[in-house]
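Participant: After the structure tokens below, expect a handful of questions from me.
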Amino acid sequence: MSEKIHVTGGHRLEGEISVSGSKNSALICMAAACLCDDESPITITNVPDISDVSVMMDILSALGKKITRERDIITMSGGISDYNVPLAQSSFIRASVYCVGMLLGVMGKAVSGMPGGDKIGARPIDIHLQAFEKMGASCSVRNGRIYAEAPNGLRGTEIYLRFPSVGATCNAILAAVRADGKTVIENAAKEPEIVDVCNFLMKMNVSVFGAGTDRIVITGNRRHLHGGFEHEIISDRIEAGVFAIASAITGGDVWIKNSVIRHNRPLISTLTEADVICRETNDGFRVTGRGKLNPLNITMMPFPGPPTDLQPLFTVMATQAPGESLIVDNVFPDRFQYIYELVRMGADIEHFGNSIRVKGKSNLIGMPIEGTDIRAVTALVCGGLIADGETIVEGVKHLERGYVQLDEKLRALGADIQII
Ligand code: UD1
């Protein structure tokens, strides 16, 4: 029988919690470490111990990289010797697609399965491939495989992304590192995880300008990349959001430590508008619910807009606000599959296009429900925190993909939650 998350609602969350390293940032930096074939190791710290990271380790090891892991520290050294991304593993995680940009730079060739990850609507890779083609590669997708080749190497160029895709920006950056000459990426994503990988690359001796803006300039450097440095992964702003929203909806008081305010600004701003008290501290922020919430009117957008990964959690919050909330997702317009489980629990949610209208306040009732992606499962768990009785959430594997012991952390804050 598969494991399930059992949550009994009605407990106010209170206390301090430390946020783990960012999943998305760790996965990008691991791919970036493979651009350098130095025997001097690259040490990446604050890497979350989650299954997506284990899959990425398996993939990069299969490509030839030497990788060891001890607690939250990963050490990577040596070179890449294969351009075939293992098919099964590539379909487990979205970040496997970063191997294509990296391998094009290192080997001039890449073959990979289509990336996996959360099922949150169509997730094409056309912008990634357009960027590679602009740099001189030929790319195709056939029979569920990505083929990319640049026999004469990649050349620096100007690339305009039609949408500031996080993945395409990362892939263009990774490919540009070993291209000939300068690459300019316009309409680049500005997410903190992009800034983190650019900081990582600068330690490797890559010339990068403009990280965190919509114009990133990279000067290709084949010969002088080096290892022998340490990089600490930024903390996970989406995990911080889970604790913040869990505190807000339970009328709790949670001090979220090891968290960067600038990365959490869109979250804090949304909470403040909902009448939740947010106080900045020297290493994070403290979220105190007043026991009442204002309705939300928010649109998920690329950073610095509210993050789409928190959209399902904002929906749970909206169910507790008297009045009508409007939630729009401009990043993943189809990311609303989870709402039907909340409706079964008693929420009043109407879905139209890329938006939902939530009428609150609803009394949620605990029952068996299923989450089909990482963020949906967390939202349903949060629904369970405020529901009457016991909520049994199916989808433990999704939780383990993205969060370090989220159940234990919520329990430490007073939640009644068990994985059984
Ligand atoms: C990354 C994150 C994910 C987050 C998302 C947006 C990882 C492993 N995942 O996903 O948690 O929710 O950023 O912040 O870091 N698009 C295209 N063509 C492309 C690429 C993207 O049409 O070639 C579209 C997507 O379908 C989506 C939008 O652009 O509608 C944004 O996607 P993108 O920013 O690329 O997200 P990911 O990198 O997949």
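The values are calculated or read from the model by the stated rules, or taken from the named source; none is laboratory data. In this text, all values refer to a predicted model and were calculated from it rather than measured experimentally. Cβ sites come from the backbone with ideal geometry, for glycine too, and all protein chains shown count toward neighbours. Surface accessibility is based on the protein's heavy atoms, side chains included, excluding ligands, DNA and RNA. Shrake-Rupley method; radii C 1.70, N 1.55, O 1.52, S 1.80 Å.
Participant: Report the calculated FRET efficiency for ARG223 and SER51 (r = Cβ-Cβ distance, R0 = 45 Å), to the nearest 0.05.
Facilitator: Numbers: r = 36 Å, r/R0 = 0.81.
The formula returns an efficiency of 0.80 here.
Participant: Dipole of region 308-420 (Lys/Arg Cβ +1, Asp/Glu Cβ -1, origin at the Cα centre): which of TYR340, SER362, ALA318 lies farthest to the positive side?
Facilitator: The residue sitting most towards the positive pole is ALA318.
Participant: Nearest 20 debye, what's the magnitude of the dipole of region 56-210 about its Cα centre given +1 on Lys and Arg Cβ and -1 on Asp and Glu Cβ?
Facilitator: Numbers: 17 positive and 14 negative charges, 36 e Å.
With only Lys, Arg, Asp and Glu charged at Cβ, the dipole is about 180 debye.
Participant: Let's see if you can work this out: charge +1 on each Lys and Arg Cβ, -1 on each Asp and Glu Cβ, no other charges. What is the dipole magnitude of region 287-341 about its Cα centre, in debye to the nearest 20? Each step should come with its number before you reach the end.
Facilitator: Details: 3 positive and 5 negative charges, 56 e Å.
Computed charge dipole of region 287-341: roughly 260 debye.
Participant: List the residues whose amide H sits under 5 Å from the amide H of GLU16, counting only those 5 or more places along or on another chain, with H placed 1.01 Å from N in the peptide plane.
Facilitator: TRP255
Participant: While we're on this one: Going toward the positive end of the dipole of region 105-164, with +1 on Lys and Arg Cβ and -1 on Asp and Glu Cβ, which of MET114, PRO151, ILE127 do you reach last?
Facilitator: MET114
Participant: Would you please classify the overall shape of region 74-139 from the alpha carbon gyration tensor, given that a ≥ b ≥ c denote the square roots of the eigenvalues, rounded means a/c under 1.5, and beyond that prolate means a/b larger than b/c while oblate covers the rest? Please report the intermediate quantities before stating the final value.
Facilitator: Values: a/c = 2.02, a/b = 1.12, b/c = 1.80.
It comes out oblate by the Cα gyration axes.
Participant: Helix 374-386 versus the longest principal axis of the chain: what is the Cα-based angle in degrees, 0 to 90, to the nearest 10?
Facilitator: Tilt of helix 374-386: around 20 degrees.
Participant: What trypsin sites (Lys or Arg not before Pro) does region 39-126 have in DSSP loop regions with at most 16 other beta carbons within 10 Å?
Facilitator: Numbers: sites: LYS65, LYS66, ARG69, ARG71, ARG94, LYS109, LYS119; in loops: LYS65, ARG71, LYS119.
Answer by residue number: ARG71, LYS119.
Participant: Give the long-range amide H neighbours of LYS4: residues separated by 5 or more places, or on another chain, with amide H under 5 Å away, using H modelled in the peptide plane at 1.01 Å from N.
Facilitator: Distant-sequence amide H within range of LYS4: ILE420.
Participant: What percent do you get for the relative contact order of the chain when only Cα pairs under 8 Å and 6+ apart count? Walk me through the intermediate numbers first.
Facilitator: Working: 1076 pairs, mean separation 86.1, N = 420.
Once divided by the residue count of the chain, the mean separation gives 20 percent.
Participant: Is the shape of region 318-394 best called rounded, prolate or oblate, per the rule: a/c under 1.5 gives rounded, else a/b larger than b/c gives prolate, else oblate, with a ≥ b ≥ c the square roots of the Cα gyration tensor eigenvalues?
Facilitator: Because a/c hits 1.5 or more and a/b fails to exceed b/c, region 318-394 counts as oblate.
Participant: So what are the three principal axis dimensions of region 282-342 from its Cα atoms, in whole Å, longest to shortest?
Facilitator: That works out to 35, 29, 19 Å along the principal axes.
Participant: Another question, if that's okay. Estimate the FRET efficiency between THR372 and SER18 by the formula 1/(1 + (r/R0)^6), using the beta-carbon distance for r and 35 Å for R0, to the nearest 0.05.
Facilitator: Values: r = 29 Å, r/R0 = 0.82.
Calculated value: 0.75.
Participant: What's the angle, to the nearest 10 degrees (0 to 90), between helix 166-177's Cα axis and the longest principal axis of the chain?
Facilitator: Tilt of helix 166-177: around 20 degrees.
Participant: Let me ask something else. For region 246-404, which semi-axes, largest first and in whole Å, follow from the square roots of 5 times the eigenvalues of its Cα gyration tensor?
Facilitator: Values: eigenvalues 97, 61, 58 Å².
Its equivalent ellipsoid spans semi-axes of 22, 17, 17 Å.
Participant: Now for a separate question. First compute the accessible area of region 146-210 with a 1.4 Å probe, then give the percent of it belonging to carbon and sulfur atoms.
Facilitator: Working: 1100 of 2320 Å².
Result for region 146-210: 48 percent of the exposed heavy-atom area is carbon or sulfur.
Participant: In addition: Let me spell out the model: positive unit charges on the Cβ of Lys and Arg, negative unit charges on the Cβ of Asp and Glu, origin at the Cα centre of the chain. What dipole size does that give, in debye rounded to 20? If you can, show how the numbers build up before the last one.
Facilitator: Details: 41 positive and 48 negative charges, 164 e Å.
About 780 debye.
Participant: Moving on to the next point. Using DSSP, restrict attention to beta bridges with both residues in region 146-285 and report what percent are antiparallel, rounded to the nearest 5.
Facilitator: On the way: 12 of 16 bridges.
Taking every DSSP beta bridge within region 146-285, about 75 percent pair in antiparallel fashion.
Participant: Calculate the length of the line joining the C-alpha centroid of region 99-114 to that of region 236-270, in whole Å.
Facilitator: 37 Å
Participant: Against the longest alpha carbon principal axis of the chain, how many degrees, from 0 to 90 and to the nearest 10, is the axis of helix 98-107 turned?
Facilitator: 10 degrees
Participant: Determine the percent antiparallel among the DSSP beta bridges restricted to the chain, to the nearest 5. Can you show the working numbers first?
Facilitator: Details: 57 of 78 bridges.
Taking every DSSP beta bridge with both residues in the chain, the antiparallel ones total about 75 percent.
Participant: A follow-up question, please. Restricting to DSSP H runs of at least four residues, report the calculated mean residue ellipticity at 222 nm for the chain, -39500 (n - 2.57) per run over all residues, nearest 500 deg cm²/dmol. If you can, show how the numbers build up before the last one.
Facilitator: Numbers: 14 runs with 137 residues, N = 420.
Mean residue ellipticity, 222 nm, calculated: -9500 deg cm²/dmol.
Participant: Turning to a different aspect of this structure: What accessible area per residue comes out for the chain, rounded to a whole number of Å², with a 1.4 Å probe? The partial results should precede the final answer.
Facilitator: Values: 15730 Å² over 420 residues.
About 37 Å² of surface per residue is accessible.
Participant: Follow-up question, since we're still on this one. Quick one: Cα convex hull volume of region 200-336, Å³ per residue?
Facilitator: On the way: hull volume 16.9 nm³, N = 137.
Expressed per residue, the convex hull around the Cα atoms of region 200-336 is 124 Å³.
Participant: Rounded if a/c is under 1.5, else prolate if a/b is larger than b/c, else oblate: which is region 59-200, with a ≥ b ≥ c the root eigenvalues of its Cα gyration tensor?
Facilitator: Rounded shape, in that the Cα axes give a/c under 1.5.
Participant: Considering only MET202, CYS278, ILE233, whose Cα is most displaced toward the positive end of the charge dipole of region 191-284, charges sitting on Cβ of Lys, Arg (+1) and Asp, Glu (-1)?
Facilitator: Towards the positive end, the residue furthest out is MET202.
Participant: PRE reach from ILE261 (point 7 Å along Cα→Cβ): which of region 278-304 fall under 14 Å by backbone N?
Facilitator: Of the residues in region 278-304, 278-287 have backbone N under 14 Å from the label point off ILE261.
Participant: What FRET efficiency would be calculated for the residue pair HIS351, ARG215, taking the C-beta separation as r and a Förster radius of 51 Å, to the nearest 0.05?
Facilitator: Values: r = 36 Å, r/R0 = 0.71.
FRET efficiency, HIS351 to ARG215: 0.90.
Participant: Take the Cα gyration tensor of the chain, multiply each eigenvalue by 5, square-root it, and list the three semi-axes largest first, rounded to whole angstrom.
Facilitator: Numbers: eigenvalues 286, 88, 80 Å².
After scaling each eigenvalue by five and taking roots: 38, 21, 20 Å.
Participant: Right, next: Please report the antiparallel percentage of the DSSP beta bridges confined to region 267-420, to the nearest 5. Provide the component values of the computation, followed by the final result.
Facilitator: Working: 16 of 24 bridges.
Percent antiparallel among DSSP bridges in region 267-420 is about 65.
Participant: Sticking with this one: For region 46-92, what's the relative contact order in percent, using C-alpha pairs closer than 8 Å and at least 6 residues apart?
Facilitator: Details: 51 pairs, mean separation 18.8, N = 47.
Relative contact order, region 46-92: 40 percent.
Participant: Please give the contour-minus-distance gain from GLU3 to LYS66: 0.36 nm per residue of separation, less the Cα-Cα distance, rounded to one decimal in nm. Mind showing how you got there, number by number?
Facilitator: Numbers: separation 63, 0.36 × 63 = 22.68 nm, distance 3.31 nm.
In short, 19.4 nm is gained.
Participant: Tally up the carbon and sulfur contribution to the accessible surface of region 247-329 as a whole percent, 1.4 Å probe, everything protein left in place.
Facilitator: Values: 1490 of 2970 Å².
Roughly 50 percent, rounded to a whole number.
Participant: Also: When the chain is modelled as a GNM with alpha-carbon springs shorter than 10 Å, which of SER90, SER40, SER259 fluctuates the most?
Facilitator: Maximum among the listed residues: SER40.
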